[in-house]
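Below is one structure, written out as structure tokens; comments come after it.
The values are calculated or read from the model by the stated rules, or taken from the named source; none is laboratory data. Everything quoted here is computed from the prediction, not taken from an experiment. Cβ: placed from backbone, ideal geometry, glycine included. Neighbour counts: every protein chain shown. Ligands, DNA and RNA are excluded from the accessible area calculation, which covers all protein heavy atoms including side chains. Shrake-Rupley method; radii C 1.70, N 1.55, O 1.52, S 1.80 Å.
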Amino acid sequence: MRLFEAYNSHSARLTLLALLSASTLYCFYKSLRLKRHALLFPTTNPNSSSKGKLFFVSQTGTSEILARRLLRLLTSCDLSFDLVHPKDYEPEDLSKETLVLIVASTWEDGNPPPDAGFFSNWLAESADDFRVGSMLLSRCKFAVFGVGSRSYGAAFNAVARGFSKRMRKLGGLQVLPVEEGDVDAGDLDEVFDVWSRKLISVLKGGSVENGVFDGSMAVVESDAETIDGSEEDYDDDDDADRENGAEGSIVDLEDIAGKGPSRKTKTMTTSSGTINGEKEMVTPVIRASLEKQGYKIIGSHSGVKICRWTKSQLRGRGGCYKHSFYGIESHRCMEATPSLACANKCVFCWRHHTNPVGKSWRWKMDDPLEIVNSAIDLHTKMIRQMKGVPGVKAERLSEGLSPRHCALSLVGEPIMYPEINSLIEELHRRRISTFLVTNAQFPEKIKELKPVTQLYVSVDAATKDSLKAIDRPLFGDFWERFVDSLKALREKQQRTVYRLTLVKGWNTEEIDAYFNLFSIGKPDFVEIKGVTYCGSSATSKLTMENVPWHADVKAFSEALALKSKGEYEVACEHVHSCCVLLAKTDKFKVNNQWFTWIDYEKFHDLVASGRPFNSKDYMAATPSWAVYGAEEGGFDPGQSRYRKERHHRPKTTD
């Protein structure tokens, strides 16, 4: 009897379980999950005196802007938070917090901006200190959004990932996976807004499961894992590689946050920065910033800008150093670039890093003929706007409408443009000379480059460490690329130049090291110029104290010439630009006279002939007023010197 009852009881249980449907089991499971979630993430009470903390870790302001936007959204949803700058916060108080949000940018070498250094170091030291323990932040729920540039390789969003890892190690509970915003993708704002909506849903008591929100939020796509307190799949070895400076970890800089398309967008959307699925280099925000600085943007990746020396010579007030050194007509010179992007973030960048960055061409590409046509059209429009300006000479204005020179050095890295040779050929076909500057990170491009009137390589430092500090390159093998670029320059038959920018306190003591580089590239000329101070910037530590006097530049140049034992001599100077020219003596000094100027008509005839030619075939005599040591200091006596009146406050004595 007992066996029968046991059998019936067992059968009943089996029958009962069989009757439970899969949906019933799922609902039961889900109710348990929701109860657990409610315990872990209770809905914030707007009347509570305990506020969450919203930290922003920012250098140029992008992360702060995003954090303030999030604060407004949180407030509108009755979620109470304080906006906090890490420098104003005692890190030990983290143990008292129950809810922390962080919007963090990554700065140099994968490190946080200086103002957040103490906060970051405290987290790192605490996470690695066994005496602190893994329960320090056990009461704290947190979420992190990173702002970085994928162009910088392994250091991409290293700070945000580091905060997440260390807070989890200290017992903090991460309510959303780290979202890594990419300023170069053009969709930072959109990615941040999607992440913010997910965050609001979780904080209001919803959950995220397989990309679907349970709560008041709409369904959105997501690759986020379910929020059940589990950790993300982090590989400690990968983190170690990133922190120890794997390739690409040289610099990771916060850049402009621009409106842009979703990474998945494939349709034409000109306002968002893509055309037929191809990303445009210049996002609307970057375009607005550059246009504010006086740039005229051509298509999706090129630009032109009228130079102050062009305006000066239109008014008969003197030309730039290229007029003194090489005989260009400054009022007929067009300053342009077919690539606003660059592979460096130099400390002396005079555009304050408002241009994009990249290690390879990955954008929509415009036709070279269209770029040249548009550049000339926009340049001549800017020249016409000079009509009626006091001092502008009618003859010069008329000549200026037909540019004869093009300085491909406006900003960025012109040699990155895949059709650079076609663009150069088009300029030469119109008998416009070309002065192209490259930042010595693309040696193969230099090798493939067709003849230009004069080819420059920026030699901003003479040692690996100082080059890294000054140029802040994206490439991990930046020094090898630099040396290979100098070797590629040596093979060119046309005029070549090392372009040195002296920065006091950074590279002015490297005379021996600079001289050692001469034997690698064997340049025809070495231009040595003092750095131009462009005002304060969050992206640069330079001040007026880093700007050398012309006497400093002269002394440096003379010391270099002396090192060469007659191979190079100081040939010219332009005092106004704080610039000095060294020239190869056996090529450009004939019968004790310098021939640094260029016979431009001869150059164009040589290009048109299709025959090989070299730098000596189109040189011209340098006028006496441009020669080093002349009384004029490189100022053309045919121009009228104009000196600004400087009104200083009179000194007073008590």
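Which peptide among 449-459, 500-510 comes first, and what is the full order, when sorted by highest mean count of other Cβ atoms within 10 Å? Mind showing how you got there, number by number?
On the way: 449-459: 22.5, 500-510: 19.5.
The densest-packed peptide leads the list: 449-459, 500-510.
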| note | Quick shape summary for segment 52-203, equivalent ellipsoid via Cα gyration tensor, semi-axes whole Å in descending order, reads 22, 19, 14
| note | The set of residues whose placed amide H lies less than 5 Å from the amide H of CYS579, leaving out same-chain residues fewer than 5 positions away, is HIS574
| request: Please turn the phi angles of segment 466-475 into ³J(HN,Hα) values with the Karplus equation 6.51 cos²θ - 1.76 cosθ + 1.60 (θ = phi - 60°), one per residue in order, whole Hz, x for glycine and proline. | output: 6, 5, 4, 5, 8, 7, 6, x, 7, 6
| Want the number for ASN373 to ASN121: 0.36 nm per residue separation, take away the alpha-carbon distance, what's left? | 85.4 nm
| Local electrostatic count at ALA608 - Lys and Arg +1, Asp and Glu -1, tallied over other residues with Cβ under 10 Å | +2
| message | For a quick check: with amide H placed at 1.01 Å from N, whose amide H comes under 5 Å from GLN174's, ignoring anything fewer than 5 positions away on the same chain? | response | PHE142
| task | Sort ASP129, ASP617, ASP182 from largest to smallest accessible area, using a 1.4 Å probe on the heavy atoms of the protein chains. | result | ASP617, ASP129, ASP182
| Distance in nm between label sites at GLU448 and HIS85, each 7 Å beyond Cα in the beta-carbon direction? | 4.7 nm
| request: Arrange the residues PHE518, PHE118 by how much accessible surface each exposes, largest first, with a 1.4 angstrom probe. | output: PHE118, PHE518
| task | Search the structure for amide H atoms under 5 Å from the amide H of PHE55, placed 1.01 Å from N in the peptide plane, and list their residues when 5 or more places away or on another chain. | result | VAL84, LEU101, ILE102, VAL103
| Counting only the backbone N, which residues of segment 406-430 are under 20 Å from the spot 7 Å out from the Cα of ASP605 toward its beta-carbon? | 428-430
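List the relative contact order of segment 458-505 as a percent without decimals, with contacts defined as Cα pairs under 8 Å and 6+ residues apart.
Working: 21 pairs, mean separation 27.3, N = 48.
With pairs under 8 Å counted, the relative contact order is 57 percent.
Please compare each pair in LYS53/LYS364; LYS87/LYS529; LYS165/LYS204; LYS554/LYS589; LYS198/LYS279 to a cut-off of 31 Å on the Cα-Cα distance and tell me which ones are over it.
Working: LYS53/LYS364 41 Å; LYS87/LYS529 38 Å; LYS165/LYS204 25 Å; LYS554/LYS589 20 Å; LYS198/LYS279 26 Å.
With Cα atoms farther than 31 Å apart: LYS53/LYS364; LYS87/LYS529.
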| Hey, with R₀ at 41 Å, roughly what FRET efficiency would ARG384 and TRP549 work out to, going by the Cβ-Cβ distance, to 0.05? | 0.60
| So what does the Cα-only Debye profile of segment 284-626 read at q = 0.09 Å⁻¹, as log10 I(q)/I(0), no solvent term? | -0.45
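Return the FRET efficiency for the residue pair ARG308, LEU73: r is the Cβ-Cβ distance, R0 is 51 Å, and the value is rounded to the nearest 0.05. Mind dumping the intermediate values first?
Details: r = 44 Å, r/R0 = 0.87.
Result of the calculation: an efficiency of 0.70.
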| said: Using a probe radius of 1.4 Å on heavy atoms only, what accessible surface per residue do you get for segment 284-626? Whole Å² is fine. | reply: 38 Å²
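Rounded to two decimal places and with Rh computed the Kirkwood way over Cα pairs, what is Rg over Rh for segment 404-495? Let's see the in-between values first.
On the way: Rg = 13.5 Å, Rh = 13.7 Å.
Taking Rh as the inverse mean 1/r over Cα pairs, Rg/Rh reads 0.98.
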| Hey, rough spin-label estimate for ARG431 and GLU509, points 7 angstrom out along Cα→Cβ, what's it come to in nanometres? | 5.3 nm
| field | Charge sum, other residues only, whose C-beta stays under 12 Å from SER398's C-beta, Lys/Arg counted +1 and Asp/Glu -1 | value | +3
| task | Could you check the simple spin-label distance between LYS565 and ARG150, using points 7 Å along Cα→Cβ, in nm with one decimal? | result | 5.3 nm
